[in-house]
Structure formats: C-alpha cells, structure tokens
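Student: This is the structure, below, for whatever I ask next.
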Amino acid sequence: MSDNSFDAIIVGAGFSGLYLLHKLRGQGLSVRVIEMGKDVGGTWYWNRYPGARCDIESMEYSYSWDEELEQEWQWSERYSPQPEILDYLGHVADRHDLRRDIAFETKVTAAHYNEDRDRWSVTTDGGETLDARFVVMATGCLSSPNKPQFEGEEDFTGETYLTGLWPHEKVDFTGKKVGLIGTGSSAIQSIPQIAKEATELTVFQRTPNFAIPAHNHDLDPDYVASIKASYRELRAEAKEQAAGFTGSSVVNEDLAVDLPREKVEAELQRYWDKGGLTFMASFSDFGVSLNSNAIAAEFIRDRIRERVNDPDTAELLCPDSYPAGAKRMCVDIGYYETFNEDHVHLVDINAEPIERITAAGLKTSEKDYEFDAIVFATGFDAMTGTLAKIDISGRGGKKLKDKWADGPRTYLGLMSEGFPNLFLVTGPQSPSVISNMIVSIEQHVEWISDCIERVGKGVIEPLETAENDWVDHCNAVADLTVYPYAKSWYLGDNVPGKPRIFMAYLGGVPEYRRICDAVAERGYAGFRIDGVAGNAKVDPMEFMEQNEKVLALVMKERPEALAAFV
Ligand code: FAD
Ligand code: N01
C-alpha cells in the first residue's frame, strides 16, 4: 500500500475519532485520522470559553472501554471543567499512542467514492489526496459554530469572540464593558464567569432557556471510590437508561397529570435539589404532553422568580413560548443570580431589536451600547453543518448535500444510501445529542468497527427502503413528543434556510442499541453487502416499550401523532 492509501480514514479526533482509531488499529487495519485542530479533543479543544464544562456527570461523561484508565483517572468535580476534559483526551492519546496516526491542522475538503475501485478519495486543504476503503465521519454534532451576520460587524473596533472558537490564551475581561449575544448553554455557562471580570456585562436575549441548577461540587473521594468499586455495573446501568446516563429513565409510574399538584411539586423539588439533567425524567408525561409539561415549566419559572430579585428581569428570563426540555435543557451554576448584580444587564431583543454593530459597540432600536468586547454565544449549525462543508459524493457522483437538501436521510444514523462504506458516528437520526454522547459514541464506534470487520474488503450500503422506513420512524417518534413545539437547533431552526426536521432519534438509548444489534445479528438487515441484500427485516416497533398511560394521554391531545406512530 502507498503512503497515502489506508484501510480506513477517520475525520475528527474528538471522543469519537480517538476511540475509533484505537479500535480499528486493534483490528489490524491501517488507519489515518485527519483533524483540523492542532491537537486532539474536538469539542473540548475548541470550546475554551470561561465556564465551559460538561453537564453529564464526569464519572459518566468518560470512556468506559479502558478499565485501567477508568480506575486511574481522577475527575475533580461533579461536572468537570473543559481544561480537565481536554487533559483527559490528551492523556488517552498518549496512553494509546494515538497521535502517530493523526494528521493535525489538516481539513478534509472532499470525499469522493470511486465506483470502479470501491474506494474513497479523500482530499485535504493541503492539496493531498488520500485513498481508503472505508471513511468514517467522526466530525461531531456540534462542531460548526453558528455565527449570524450582523450589519456593521467590520466597523467594530473592539474584540470579538465566538464561544465555539475561543482563543487558546486566557481572555481577560477585567475592566472591560462586554456585550454578549445568546442565552443557550454556552452563554449560561460563560455569563457568570465573564461577569466576575467585566465592569459591565450586557446580555442580548432572543429566547430565554430553561436551566436547572448543577449543584456542582468537588468530588468526594469516598464517593469516587464507591463508583470505581462497581464501575462495570454503573456503565451497564447507564446503557439501559433512556438517555444513556443514570437517572435519565423515569421511575415514577404515575403520570404528573394524574397526581395532586402538591405531590408533583414535591417530586419536582426533589429532582431540583439533586440538580442536573435528570429533572425532566421525574414524570414520563412531561416529554409527550403539553398539558403535563406546563406543570414542569411553571415549576422552573417559579424557581427563576425566586432567584432573580428584579421582577421584570425575572419575567424576561422565564421561558413561556415553548415546552420545558423542548430546547436543549441547560444546567447552570449561578446563572440567574448573576442578573442580581448591578453591573449585569439583560436586553430583550424582541422588544429592542439589534439593528447593527457599530464602531463603538452595538445599536438596537432603542439605544447605542458601547463595548470593549462582544461575545457571540450563538451556537452551532448542528448535526449536518460540518458534513455539509465537506464535498461528499457517492455512487453516480451523487452529492450528500443534495440528497440532504430537505433534511438528513440516514439508516440508523450510521450510513446514508448511495454512500457505500461511509459511516457516521452519532449521525443524524441516532440518539446522539439527546443522550450522554459518550455512551452513544462508544455504541456507534463498536457497531461500526464490528461492521467493518464483517465487511472486510467488501462493500456495505443501506437499502433505500430501509432508510425511508427509518426516517419515517424517527419522524413519527419525534412527533409524539413535545420537541417540535420549540424552535431549536435540534430542528435546524437556528440557521436561516435550514430545513425543519427533527435530527436525532428520540426512541431511547437502550431501544436504539437493541435495534442496531438486531440489524447486525440478522445479517445486517436493511443493508446490501457486496451487492447482496438479505431478506431479514428489523421493525423498530419490536423494540419499543409502550407505556399505555402515556399513549392514552397522547391520544387525547394529539391523536394524529399517535396514529402515525403505531
Ligand atoms: P467533536 O468533539 O465535535 O470532534 C469532531 C472533530 O472533527 C473536531 O475536532 C473537528 O475539528 C473535526 N473536524 C470536523 N470537520 C473536519 C474536517 N472537515 N476535517 C478535519 N477535521 C474535522 N455532550 C454530552 O453528552 N455531555 C456534555 O456534557 C456535553 N457538553 C458539551 C459542551 C459543549 C460546550 C459542547 C459544544 C458540546 C457538548 N457535548 C456534550 C456534546 C459533545 O460535542 C460530545 O459530547 C462529544 O465531545 C463529541 O465528540 P465527537 O468526537 O463526536 O465530536
Ligand atoms: O448554542 P444554542 P450553545 N440573534 O443554540 C442565540 C451543547 N452545549 O452553544 O434561542 C440573536 O443553544 C439563540 O437564540 P434563540 C448543548 O447541547 C452544552 O449555547 O435561537 N440571538 C440562543 O440563545 C447545547 O444545546 C454545554 O432564539 C441569536 C443562542 O444564541 C449546544 O451545545 C455547554 C442569534 C445559541 O444557543 C449548543 O449550545 C455548551 C441571532 N441571530 C454547549 N442566533 C453544557 O453545558 C442565535 N442566537 C454541557
């Protein structure tokens, strides 16, 4: 094989790419990873803004495949900060000698399938062309920052920052007047930290978010020892939970709508006091019923009103235009209290639209603001944005971008018809961003590497019928839930012109795993291998647990959604 020819090329060196490199190398394959960044880390390499940290607890937001590492690594906090997660991934790269197969500071610009040779040609921004039988896009769901264009940006004489592309050196806001646009997770994490340094911080909000307190703390050594003593059980339990982390499956058998309000509120308070993302798992009807969800939403709004002193500011921070959890729930450390500080201001840009950026700051319909720095905490072109930047063409020169013009189409979020031997890690229509992503990444990496082992020197691709059925199933499950009732990046709403389709799979992490396993066990049902399609089928409904009470509730509220699901 030439220097530029590999069994597999992996794009991206975050949690996904690193584990995949380790796996495929272990299977004896020649592998090259191509990564734009100067080092490993992915999300944790790019998102260095103040306050960045995970919101799945660190003991679970970590690899499970290296049991010695699991025992040796010491996480410092319940939700560890970005520098520590980046160190962890650097350590993994060293420990498994991964960097020698990674080309850093190299961007993949194109990937073309050559039907005559059943191989992919992968082109980089350095002008190099590499060749491989398999290509795996480990390019991340949240890896293309979304930077809306504001008129007059080029006039601004101060500093500008984008949370998803934060500088490597410390940014010091001491003595500065700062404007910040956005109130999603990145803003909610960074605002309290920036407020500690800035002389004035003005936050421009379009839509308020629901945030649950993190109750973050240093990890107690006894607690850590107890987890480490039974780590296998914890990991196994996480895989069986709805969102891939413990506490994400509902345990309450009663529905919130069937209980007296005081009982529901007492239960919500218990989850609130625990902190973090398990809050919405308190009752199973919150995710599907708008009426039930309103109870959770009002509970959170009441807590916001308690935490924010000024009633007008509190009301502005209270989301009331969409169900709780329908936009990605945030986890906060002192976010709401930050607005009690005299030097922190909130501007509702619905009432006072941003007209333009000026040389001195920013102009709204009401006022000119002067800033030394503007922070854009404006999110990502999620799920498909990064893939769309690569010129990917499959059979017959068909472009992935064209195929996905009306929204992504995949079979299981793992492959797309017409693009043989091209795999996606946590691709659209898989649980991905709805789950503890490390659990979902490991599941995909393991499924993909087993599949590559089975295919050997052959070719695998999904059948169009299987893909269509999967996309329909994903949409039917999403329509059963409250998610479509918010404008969110899950649906592409944050990027003008992006088609509106729910881009993740909401059927649950354990159900999804069982579906993928059944597909493989039944001879890769729904796929064609070396031109031959088996007869076996996998019907996702075989694996879905039906909660009769919940379905009855949906029947009352949205019978058409239920009809499409069953
Ligand atoms: P990424 O980490 O995004 O890595 C993809 C890599 O691909 C990047 O390094 C990128 O540079 C590279 N790449 C992309 N395109 C190209 C190209 N054309 N050529 C070369 N290289 C390319 N998830 C959770 O489950 N829990 C959390 O608490 C959590 N916290 C998060 C906090 C933040 C601030 C963000 C933004 C996301 C968070 N996520 C969280 C989601 C997070 O993205 C995943 O958990 C995980 O880190 C994704 O790993 P990955 O390897 O799949 O993708
Ligand atoms: O991005 P977001 P993010 N004018 O899209 C606003 C993960 N993550 O980077 O809601 C004015 O949530 C936009 O307003 P609106 C996590 O999965 C996790 O914060 O569209 N405002 C919104 O307020 C998360 O969900 C953590 O009306 C504009 C904000 O910018 C995902 O990454 C931390 C605008 C963007 O919020 C993305 O989070 C960070 C415009 N033109 C990220 N365009 C953890 O805590 C956008 N906005 C683990």
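The values are calculated or read from the model by the stated rules, or taken from the named source; none is laboratory data. Small disclaimer: the values here were computed from a predicted structure and weren't measured. Here Cβ is always computed from backbone atoms with ideal geometry, including for glycine, and neighbour counts include all displayed protein chains.
Student: Could you say whether any residue in the stretch 71-88 is over 24 Å from Ser432 (Cβ atoms) and assigned to a strand (DSSP E or B)?
Tutor: Scanning the stretch 71-88 turns up at least one residue that is over 24 Å from Ser432 (Cβ atoms) and assigned to a strand (DSSP E or B).
Student: Which pairs have Cβ atoms under 9 Å, sit 6 or more apart or on different chains, and link a residue in the stretch 266-286 that is closer than 16 Å to Glu253 by Cβ and in contact (Cβ under 8 Å) with a residue 24 or more places away in the chain to one that is in a loop (DSSP other than H, G, I, E, B) and charged (D, E, K, R)?
Tutor: Going by the 9 Å Cβ cut-off, the qualifying pairs are Phe283/Asp254; Ser284/Glu253.
Student: What do you reckon, is Ala504 more than 21 Å from Met137 (Cα to Cα), surrounded by 22 or more Cβ atoms within 10 Å (Cβ to Cβ) and not aromatic (Phe, Trp, Tyr)? Steps first, answer last, please.
Tutor: Details: more than 21 Å from Met137 (Cα to Cα): no; surrounded by 22 or more Cβ atoms within 10 Å (Cβ to Cβ): yes; not aromatic (Phe, Trp, Tyr): yes.
No; evaluated as a whole, the condition is false for this residue.
Student: So which of Gly51, Gly12, Gly17, Gly41 is within 16 Å of ligand 2 (Cβ to nearest atom), touching a Ser or Thr at 6+ places or on another chain (Cβ under 9 Å) and modelled with pLDDT of 95 or more? Steps first, answer last, please.
Tutor: Numbers: Gly12 fails: within 16 Å of ligand 2 (Cβ to nearest atom); Gly17 fails: within 16 Å of ligand 2 (Cβ to nearest atom); Gly41 fails: touching a Ser or Thr at 6+ places or on another chain (Cβ under 9 Å).
From the options Gly51, Gly12, Gly17, Gly41, the qualifying one is Gly51.
Student: Continuing with the same structure: State the number of residues belonging to the stretch 101-138 that are surrounded by fewer than 18 Cβ atoms within 10 Å (Cβ to Cβ) and under 15 Å from Glu461 (Cβ atoms).
Tutor: Result for the stretch 101-138: 3.
Student: Now for a different question. If you go through the stretch 518-553 one residue at a time, how many are over 24 Å from Glu240 (Cβ atoms) and not acidic (Asp, Glu)?
Tutor: Number satisfying all stated conditions: 15.
Residue-by-condition table, conditions (1) of a type in the set (Val, Ile, Thr); (2) within 16 Å of ligand 1 (Cβ to nearest atom):
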residue	(1), (2)
Gly276	no, yes
Gly287	no, no
Ala294	no, no
Thr313	yes, no
Cys330	no, yes
Phe339	no, no
Ile354	yes, no
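Student: Sort out which residues of the stretch 383-435 are hydroxyl-bearing (Ser, Thr, Tyr), in a loop (DSSP other than H, G, I, E, B) and within 16 Å of ligand 2 (Cβ to nearest atom), and write them in order of number. Steps first, please.
Tutor: As a first pass, look at the stretch 383-435 and keep what is hydroxyl-bearing (Ser, Thr, Tyr): 384, 386, 393, 410-411, 416, 426, 430, 432, 435.
Pick out the ones that are also in a loop (DSSP other than H, G, I, E, B) and you get 384, 410, 416, 426, 430, 435.
Result: Thr384, Thr426, Ser430, Ser435.
Student: Still on this structure, please answer the following. Of everything in the stretch 451-474, what is surrounded by fewer than 19 Cβ atoms within 10 Å (Cβ to Cβ) and either under 24 Å from Phe245 (Cβ atoms) or under 22 Å from the mean Cα position of the chain (by Cα) (or both)? Give them in sequence order.
Tutor: Scanning the stretch 451-474 gives Val471, Asp472.
Student: Here is a further query. Being of a type in the set (Val, Ile, Thr), at positive phi and at pLDDT 95 or above narrows it down to one of Thr465, Thr481, Thr410, Thr426, so name that one. Working first, answer last.
Tutor: Values: Thr465 fails: at positive phi; Thr481 fails: at positive phi; Thr410 fails: at positive phi.
Answer to the selection: Thr426.
Student: Acidic (Asp, Glu) and more than 9 Å from ligand 1 (Cβ to nearest atom): does that describe Asp55? Let's see the steps before the verdict.
Tutor: Working: acidic (Asp, Glu): yes; more than 9 Å from ligand 1 (Cβ to nearest atom): no.
So Asp55 does not fit the description; no.
Student: Which condition number in (1) in contact (Cβ under 8 Å) with a residue 24 or more places away in the chain; (2) over 21 Å from Ser186 (Cα atoms); (3) acidic (Asp, Glu) is the one that Glu68 fails?
Tutor: Checking Glu68 against (1) in contact (Cβ under 8 Å) with a residue 24 or more places away in the chain; (2) over 21 Å from Ser186 (Cα atoms); (3) acidic (Asp, Glu), the one that fails is (1).
Student: So which residues in the stretch 90-140 are in a loop (DSSP other than H, G, I, E, B) and without any contact (Cβ under 8 Å) to a residue 12 or more places away in the chain? Outline the logic, then answer.
Tutor: Narrowing the stretch 90-140 to residues in a loop (DSSP other than H, G, I, E, B): 96-98, 104-107, 115-118, 125-128, 138-140.
Asp97, Asp116, Arg117, Gly127 - these are the residues of the stretch 90-140 that are in a loop (DSSP other than H, G, I, E, B) and without any contact (Cβ under 8 Å) to a residue 12 or more places away in the chain.
Student: Let me ask something else. Being of a type outside the set (Lys, Arg), within 25 Å of the chain's Cα centre (by Cα) and assigned to a helix (DSSP H, G or I) is the filter here; which residues of the stretch 20-44 pass it? Quick ask: steps written out before the conclusion?
Tutor: Of the residues in the stretch 20-44, the ones of a type outside the set (Lys, Arg) are 20-22, 24, 26-31, 33-37, 39-44.
Now restrict to residues that are within 25 Å of the chain's Cα centre (by Cα): 20-22, 24, 33-37, 39-44.
Within the stretch 20-44, Leu20, Leu21, His22, Leu24, Thr43, Trp44 meet the criteria.
Student: Further question on the same structure: Just checking, does the stretch 351-361 include any residue being modelled with pLDDT of 95 or more and within 24 Å of Ser435 (Cα to Cα)?
Tutor: No, the stretch 351-361 has no match at all.
Student: Moving to a separate point now. Can you name the residue in the stretch 200-234 that is within 16 Å of ligand 1 (Cβ to nearest atom) and among the small types (Gly, Ala, Ser) and, of all such residues, is nearest to the chain's Cα centre (by Cα)?
Tutor: Across the stretch 200-234, the extreme among qualifying residues is Ala211.
Student: A further question on this structure: Specify the residue that is surrounded by the most Cβ atoms within 10 Å (Cβ to Cβ); the eligible residues are those in the stretch 4-44 that are of a type outside the set (Phe, Trp, Tyr) and without any contact (Cβ under 8 Å) to a residue 60 or more places away in the chain. Please lay out each step first, then the result.
Tutor: As a first pass, look at the stretch 4-44 and keep what is of a type outside the set (Phe, Trp, Tyr): 4-5, 7-14, 16-18, 20-43.
Filter once more, so that each one left must be without any contact (Cβ under 8 Å) to a residue 60 or more places away in the chain: 26, 28, 30, 41.
On the way: Gly26: 10, Gly28: 8, Ser30: 15, Gly41: 25.
Only one residue fits best here, namely Gly41.
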